[in-house]
Every structure is written in C-alpha cells, then in structure tokens.
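The values are calculated or read from the model by the stated rules, or taken from the named source; none is laboratory data. The structure displayed is predicted, hence computed values, not measured ones. Neighbour counts run over all protein chains shown; Cβ positions are idealised from the backbone, glycine included.
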Amino acid sequence: MNPFIQRLLLTFATASCVAGWAQTITPSGGKFGPQWRLLAGEWTGEAATGGSTGSCSFRFDLAGHILVRTNHAEGIPAGNRTAAAHDDLMVIYPGANEALAHATYWDNEGHVIEYLATWSADGNTLTFLSKPGAGPQFRLTYKKLDADSLTVSFDMATGQAGAFKTYTSGRIRRQK
C-alpha cells in the first residue's frame, strides 16, 4: 500500500478513536464546598500517640477540580518496628454534593487506599472512610479546633468492619 495512503488511514483512525474517547470524558460536575478551604495551606504537627512529628500540605490544583494532600511523618510505628519516614500523597476530587468527595491515597510503603470523604453537618469534622473488604478498613479524621489547628486521627478496623482502633493521632497547626 502507498505510504501516503497508510498515513492518511492511520490519521483518520487515530482521530476517530480520540474523538470517541473525548466524547466519553465529561467533567465531574461536582464542586468543593466552602468547608474544603479550611484545609488549604501548609501544616506541621506532633502526634499524641507514637511520638512522631511531620508536616502536610493541602493545595487545590487543576483549576480547583482536585485537592492534593502531601504528607511526611517521622517515627510512625510500622508493625514491630519504627519506620524512618513515611511519605504519602492523596488526591481528592468532588463527589455528588459539596460536602462529599472521593480520594485515592498512595504511600512509600506501596499502599493504595480508596476513600469516601464526608464533612459533618456543622463543617467541623472531615472523615475519610475506606470500603470494608478482605483487608483492614481505614478511617482518617480531621477535626477543627480553631481556624489554624486540627486534630488528626488514623484508625484501622482489622477484624469486624467499623470496629476501629486508633493507630496514630495528633494535632496539626497551619503555618503562617
């Protein structure tokens, strides 16, 4: 076959695939409510359990369509040992209403967790809850103490779904 005809057919085939793919991609339609702005910024903290220290940040990205959390902690217990450092990334995207979101979490230990995030009716507590399954269920909770400080608790349910025990907790303070 003529090379020109081959390129022309390839161009049409690629354009058709891209056009079909683009038609299936639609914006989520969801938006972050005003309570999500509470999280934006740089935070430092000290754990109430385990004696770890660390920092995290929350920043809106992609024109406000996602919220990205990065986290670094020193001295987080890992089983029967103390980890030198723990780093993780969470990408949060809006759900069906302004108080709901979905999140995907990754860390330097190879864990990936899918969460549903829900704000309390008063806008002071944000709870990330993983689905119960074959492994542990996880819950990450942020509670507003004041405009610049939050408590943070990471809980696990290893047996019965919903029977959470605190793995680590602490307080974070916004850096000015």
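Descriptive notes on the structure:
- Only one of ILE92, ILE113 that is over 18 Å from GLY41 (Cβ atoms), part of a strand (DSSP E or B) and in contact (Cβ under 8 Å) with a residue 24 or more places away in the chain: ILE113
- Per this entry, ASN108 is counted among residues that are among the polar types (S, T, N, Q), touching an Asp or Glu at 6+ places or on another chain (Cβ under 9 Å), farther than 17 Å from TRP43 by Cβ and in contact (Cβ under 8 Å) with a residue 12 or more places away in the chain.
- Screening segment 142-166 for residues that are out of contact with any Lys or Arg (no Cβ under 9 Å at 6 or more places or on another chain) and in contact (Cβ under 8 Å) with a residue 60 or more places away in the chain and picking the one that is farthest from SER57 (Cα to Cα) gives THR166.
- Residues of segment 122-140 satisfying the condition of being more than 22 Å from HIS86 (Cβ to Cβ) and free of Cβ contacts under 8 Å to residues at least 12 places away in the same chain: ASP122, GLY133, ALA134
- Residues in segment 56-76 that are farther than 16 Å from THR141 by Cα, small (Gly, Ala, Ser) and surrounded by 14 or more Cβ atoms within 10 Å (Cβ to Cβ): 2 in all.
- Residue-level analysis places GLU98 among those that are of a type in the set (D, E, K, R), more than 21 Å from THR44 (Cβ to Cβ) and part of a loop (DSSP other than H, G, I, E, B).
- Top-ranked residue in segment 29-55 [being part of a loop (DSSP other than H, G, I, E, B) and modelled with pLDDT of 90 or more; ranked as surrounded by the fewest Cβ atoms within 10 Å (Cβ to Cβ)]: ALA40
- Segment 92-110, subset of a type in the set (S, T, N, Q) and more than 13 Å from LEU67 (Cα to Cα), residue nearest to the chain's Cα centre (by Cα): ASN108
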